[in-house]
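Below: the structure, in structure tokens.
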Amino acid sequence: MIGRLALALTLAAALPAIATADGKDPPITIDTHVDIPFGYMHEPRFDVGTATPLLVDLGKMERGGLDAAFFVIWVPQHALDPAGYAKAVQQAEQKYDAIGDMLMKYPDRIRLATTPAQALANRKAGLLSAMIGIENSYSLGHDLHRLDAAYDRGARYVGLVHVGNNDLCTSSLPDTEHGEPAMSSAGDTGMSDFGRAVVRRANALGMMVDISHASDACVRDALQVSTAPLLASHSGARAVLDHPRNLPDDLLRAIAAKGGVIQAVAYKEFLKKDPAREAAEKKLQAAIAKQFGEKEYDSDTDDYRPEMGAGMADIQKKYPLATLDDYMDQIQHMVKVAGIDHVGIASDFDGGGGITGWTDASETRHVTAALRKRGFSDADIAKIWGGNLLRVWGEVGCDAL
């Protein structure tokens, strides 16, 4: 295997070589967090080779200049019992199959990338890249062998936890309404023994460990346990906006000191406090659920209803989303604290992400323009848009057994 220094030199040499002819696009643009619904590729409206209501489909990626995305295997948190684990495993399989269906149906437009070299080769060949990340390792069903199976299916990062504590570690947003201790309280125990085993196995496989959604205590534990750099696949800066999902400066520095990368996320609630908008959205969701006879709002179904779209348009007029300027404030702070080599880009599209100026993948170039407006050089932008992530991914992979 090539060493870290050789890999870094290889990537540094490759990035300028594939720059676009007009010089306006960075060499490769990578979004590290794109969600997919459970009906992905299984329902005609979610066939991403066609025009879809999704914020990321192949046409939007091609028009916007988004070269590559990590499509996410997300499952909701249920009970830590055999029935809950079995359901989570089944839900994860549904999403792995859907990504496979996309790749099988559109091989002339998008290819799987399981290494940095493959992502770069796809970009050079004019193809999009699909990578796979896990969000909420609850879907492992408390079985370490399933991490190996996920790696074999193409997963290259493993997110430890989501909303609510799981069997690996505590969450930045625990389910306090049902008795889970608040983050940083006496009951916030951080990482479990199973969580430590998952981190160690991910290190051995060459899979990035993703600490987005983890509690501060869990992040600190991951920094101690992992022998490889860490990834925050979609996080923000708490010093800019005080939200539990955003990382404090000391953890931004610690992740950087270990060689990792923090992918700044374009998610409204992590960029702008707007309680009135949050209340209006919850009221609309309740009304949609009632209208269609549902016990509770189902984002997979209801987010894409025309009635929801119309309601959200009205809310946007009254309570505008965070903007690209808000997003740049986060990125500039993260670069100041962690360094230019340790910050990247994530949208969280189709999982709640999207801001004014970057509402879907077709507007990806607006982010590049905003970075230039803030004074970032072309070399800096190349690092932020993909170079830093490729370096970390390559270093983690180089350490694989």
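Just a yes or no: is a residue in region 74-88 touching a helix residue (DSSP H, G or I) at 6+ places or on another chain (Cβ under 8 Å), closer than 18 Å to A346 by Cα and not in a helix (DSSP H, G or I)? Yes, region 74-88 contains at least one residue that is touching a helix residue (DSSP H, G or I) at 6+ places or on another chain (Cβ under 8 Å), closer than 18 Å to A346 by Cα and not in a helix (DSSP H, G or I). As a summary of the residue check, G375 satisfies the conditions (1) part of a helix (DSSP H, G or I); (2) over 19 Å from the mean Cα position of the chain (by Cα); (3) not aromatic (F, W, Y) except for the one numbered (1). Exactly one residue out of A280, A254, A286 is part of a helix (DSSP H, G or I) and either out of contact with any helix residue (DSSP H, G or I) (no Cβ under 7 Å at 6 or more places or on another chain) or surrounded by fewer than 14 Cβ atoms within 10 Å (Cβ to Cβ) (or both), and it is A286.
For A382, indicate whether it is within 19 Å of the chain's Cα centre (by Cα) and not polar (S, T, N, Q).
Judged against the criteria, A382 is a match.
Going by what's in this entry, would E294 be described as outside the structural domain of T359 (by TED's automatic domain parsing), outside any helix (DSSP H, G or I) and more than 16 Å from V240 (Cβ to Cβ)? The answer is yes for E294. Close Cβ contacts (under 6 Å, 6 or more residues apart or on different chains) running from residues in region 108-120 that are in contact (Cβ under 8 Å) with a residue 60 or more places away in the chain to residues that are of a type in the set (G, A, S) and crowded, with 17+ Cβ neighbours inside 10 Å comprise P116/G394; A119/A68; A119/A113; A119/S129; L120/A14. Considering S347, S362, the condition of being among the polar types (S, T, N, Q), surrounded by 24 or more Cβ atoms within 10 Å (Cβ to Cβ) and within 19 Å of Y40 (Cβ to Cβ) is satisfied by S347 alone. From the list G154, G141, G126, pick out the single residue that is under 18 Å from P76 (Cβ atoms) and of a type in the set (G, A, S). Only one candidate passes the filter, namely G141.
Scanning region 111-146 for residues that are crowded, with 23+ Cβ neighbours inside 10 Å and more than 29 Å from V163 (Cα to Cα) yields P116, A119, L120, R123. Selection of region 184-211 for residues being within 22 Å of H234 (Cα to Cα), outside any helix (DSSP H, G or I) and of a type in the set (G, A, S) yields S184, G190, G206.
Taken over region 145-167, the criterion of being assigned to a loop (DSSP other than H, G, I, E, B) and among the hydrophobic types (A, V, I, L, M, F, W, C) is satisfied by L160, V161, V163. Among the residues of region 168-178, is there at least one that is over 18 Å from the mean Cα position of the chain (by Cα), in a helix (DSSP H, G or I) and either touching a residue at least 24 places away in the same chain (Cβ under 8 Å) or under 18 Å from D221 (Cα atoms) (or both)? Among the residues of region 168-178, not one is over 18 Å from the mean Cα position of the chain (by Cα), in a helix (DSSP H, G or I) and either touching a residue at least 24 places away in the same chain (Cβ under 8 Å) or under 18 Å from D221 (Cα atoms) (or both), which makes the answer no.
The one condition from (1) in a helix (DSSP H, G or I); (2) over 21 Å from A228 (Cβ atoms); (3) touching a residue at least 12 places away in the same chain (Cβ under 8 Å) that K383 does not meet is (2).
Taking the criterion of being basic (K, R) and part of a helix (DSSP H, G or I), the residues of region 297-337 that qualify are K317, K318, K336.
The one condition from (1) in the same structural domain as A382 (by TED's automatic domain parsing); (2) without any contact (Cβ under 8 Å) to a residue 40 or more places away in the chain that G311 does not meet is (1). Could you grab me the full set of residues in region 259-277 that are over 20 Å from the mean Cα position of the chain (by Cα) and assigned to a loop (DSSP other than H, G, I, E, B)? Scanning region 259-277 gives K273, D274.
The values are calculated or read from the model by the stated rules, or taken from the named source; none is laboratory data. Here the structure is a predicted model, which means the values were calculated and not measured. Quick reminder, even Gly has a Cβ in these numbers, built from the backbone with ideal geometry, and neighbours come from all protein chains shown.
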